[in-house]
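Chemist: Please find one structure pasted underneath; my questions will follow.
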Amino acid sequence: MMNAQSSANETDQPASREIRIGDRVLPSRFFLAPLAGYTHLAFRTAIRELGGLGLATTDLVHATSLLSKNRKSLELIATNEIDRPLSIQIFGSKPDVLAAAALWLEDHGYTGVDINMGCPMAKVNGQGGGARITCEYDSACELVSRVVNAVKIPVTVKMRLGWDRDKLTAPELAAAFEQLGAAAITIHGRTRAQGFGGSVDMDGIRQVVEAVEKIPVVGNGDVRSVKDAQSMQKTTGCDAIAIGRGAMLDPWLFRRLELASQSKDWDFEPTPDEQVHFLRRHFRLMTGQHEEYSCKLFRKFAGWYGARLGIPEDLENRLRRFDSFDEFESIADEIRLRHGERESTVATALVKVPNGPVERW
Ligand SMILES: Cc1cc2nc3c(=O)[nH]c(=O)nc-3n(C[C@H](O)[C@H](O)[C@H](O)COP(=O)(O)O)c2cc1C
């Protein structure tokens, strides 16, 4: 069944403003999709400061590790008052453990839990987690049911269209998860077998939208611009959009989408000062949490930011290798001086995925 909110979305403008997920009212319909290794507190905060973001979700956090207070897991869920609204994404295959992790999060003041059922990586799938869960209807339902029943806060699920073209399980699962009490579904319009290749299947997303009765469906995959978002909303009827890599390629994308949804001019160009300020701000926020280690963590943003932030390619290369705060500051100073010298507008980032057939990831 087509849900009520989606019919309002079928205009040329992205649907605007608030959206309700369970008892949460989110200020916009444009969400930050989880990107393991990137969507840490610093990135979330820096993006929020630019405006337009409706919801951020953390990197996937292993439920068992969280319950054993593993240091890395605690780092991933670190947050502050500005970092709102936030959902914590958990993964694993054992319903008891996921339910306990969700309860622990609720007891510690978190207001949303997302279950990862989309991760294609072998180390996650091999333990029965991520996309693997969607292959077993009963187990998937049990898992969602146990987590939903363990907490009062809204529980959402993020998944792919299915394992492969022959097993497009998402519509059936989305309908079942809604009946079990899931508050929203995020659907990445690819199968697990596709990894990050091929194109996003809009029709597949639409089938998920049509399979649920009331809960919001969040479309996801390859949205890089206002036009992409408009096209996804129009062709799928999704209620909201989650953007991952597009947020690194254009950190102002959420603001643009919000402006477009209010029929305001969204096609602005941040000034060179604003662009370099964003770069410094993200790094400084990172140092607040990760100290010296930030130099290493920040390097992998270089390829995503280079083209958008007008960073000359030799300086982008230096950003990939720097190892001190002073070096960062001198690179940032030089970027400001030489801003715009860069000719290519194509980002040099490559998503790091293992080589070879997806079965061996
Ligand atoms: C580097 C990387 C890390 C990711 N980590 C997660 C994750 O932790 N949890 C998750 O549900 N999806 C994860 N994803 C998938 C994204 O959330 C998203 O579904 C996918 O990238 C498609 O959306 P996009 O084109 O807007 O990036 C990851 C994707 C990438 C490229």
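Bear in mind that the values in this text are calculations on the coordinates, not laboratory data. In this text the structure is predicted, and so the values were computed from the model without any measurement. In this analysis, Cβ positions are derived from the backbone assuming ideal geometry, glycine residues included, and neighbour counts consider all displayed protein chains.
Chemist: Dipole of the chain, Cα-centred, from +1 at each Lys and Arg C-beta and -1 at each Asp and Glu C-beta, to the nearest 20 debye? Let's see the in-between values first.
Modeler: Details: 45 positive and 48 negative charges, 104 e Å.
Dipole of the chain, to the nearest 20 debye: 500 debye.
Chemist: Could I ask something else about it? Take every DSSP beta bridge with both residues inside region 4-261 and express the antiparallel ones as a percent of the total, to the nearest 5.
Modeler: Values: 3 of 34 bridges.
Roughly 10 percent of the DSSP beta bridges within region 4-261 come out antiparallel.
Chemist: Report, in whole Å, the centroid distance computed from the Cα atoms of region 162-205 and region 223-297.
Modeler: 25 Å
Chemist: Still on this structure, please answer the following. Between residue 70 and residue 321, take the C-beta separation as r, use R0 = 25 Å, and let me know the FRET efficiency to the nearest 0.05. Walk me through the intermediate numbers first.
Modeler: Values: r = 29 Å, r/R0 = 1.18.
So, using R0 = 25 Å, E works out to roughly 0.25.
Chemist: GNM, the chain, Cα, under 10 Å: largest mean-square fluctuation among 323, 59, 250?
Modeler: 323
Chemist: Using a cut-off of 13 Å between beta-carbons, work out the net charge of the residues near residue 224 (Lys and Arg +1, Asp and Glu -1, residue 224 not included). Don't skip to the end; give the middle numbers.
Modeler: On the way: positive: 227, 245, 256, 308; negative: 222, 228, 250.
Residues near residue 224 contribute +1 overall.
Chemist: Give the lysines whose C-alpha is closer than 18 Å to that of residue 296, dropping any in the same chain fewer than 8 places away, or say none.
Modeler: 72, 352
Chemist: For the chain, set up a GNM with springs between Cα atoms under 10 Å and report which of 69, 158, 227 has the largest fluctuation.
Modeler: Highest fluctuation among the options: 69.
Chemist: Which of 48, 192 comes first, and how do the rest follow, when ranked by fewest Cβ neighbours within 10 Å? Walk me through the numbers on the way to the answer.
Modeler: Details: 48 18, 192 27.
So the residues, fewest neighbours to most, are 48, 192.
Chemist: Shifting gears a bit: Using Cα positions and a limit of under 29 Å, work out the lysines in reach of residue 234, with same-chain residues fewer than 8 apart set aside.
Modeler: 158, 167, 214, 264
Chemist: Identify, among 195, 121, 266, the residue whose Cα sits farthest towards the positive end of the charge dipole of the chain, taking +1 on the Cβ of Lys and Arg and -1 on the Cβ of Asp and Glu, with the dipole about the Cα centre.
Modeler: 121
Chemist: Dipole size in debye (nearest 20) for region 148-268 around its Cα centre, Lys and Arg Cβ +1, Asp and Glu Cβ -1? Walk me through the numbers on the way to the answer.
Modeler: Details: 16 positive and 15 negative charges, 55 e Å.
In total the dipole reaches around 260 debye.
Chemist: In the chain, if the dipole is taken from +1 on Lys/Arg beta carbons and -1 on Asp/Glu beta carbons about the Cα centre, which of 279, 221, 179 is farthest to the positive end?
Modeler: 179
Chemist: Could you give each residue of region 93-107 its phi-based ³J(HN,Hα) in whole Hz, using Karplus coefficients 6.51, -1.76, 1.60 with θ = phi - 60°, and x for Gly or Pro?
Modeler: 10, 9, x, 4, 5, 5, 5, 5, 5, 4, 5, 4, 5, 4, 4
Chemist: A follow-up question, please. Which residue fluctuates most in the GNM of the chain (Cα springs below 10 Å): 335, 205, 47?
Modeler: Highest fluctuation of the listed residues: 335.
Chemist: What size of dipole, in debye to the nearest 20, comes out for region 92-227 about its Cα centre when the only charges are +1 on Lys and Arg C-beta atoms and -1 on Asp and Glu C-beta atoms?
Modeler: So the magnitude is around 440 debye.
Chemist: Okay, moving on. Can you tell me the 0 to 90 degree angle between the C-alpha axis of helix 170-180 and the longest principal axis of the chain, rounded to 10?
Modeler: In the chain, helix 170-180 runs at an angle near 70 degrees to the longest axis.
Chemist: Hey, another quick one. At 222 nm, what helix-only mean residue ellipticity would the chain give, in deg cm²/dmol to the nearest 500, using -39500 (n - 2.57) for each DSSP H run of four or more?
Modeler: -11500 deg cm²/dmol
Chemist: Using the scaling law 2.2 N^0.38 Å as the reference, what is the normalised Cα Rg of the chain?
Modeler: Working: Rg = 19.8 Å, N = 361, 2.2 N^0.38 = 20.6 Å.
The chain yields a ratio of 0.96.
Chemist: For the Cα atoms of the chain, what angle does the longest principal axis make with the long axis of helix 137-150, in degrees from 0 to 90, nearest 10?
Modeler: So the inclination is approximately 80 degrees.
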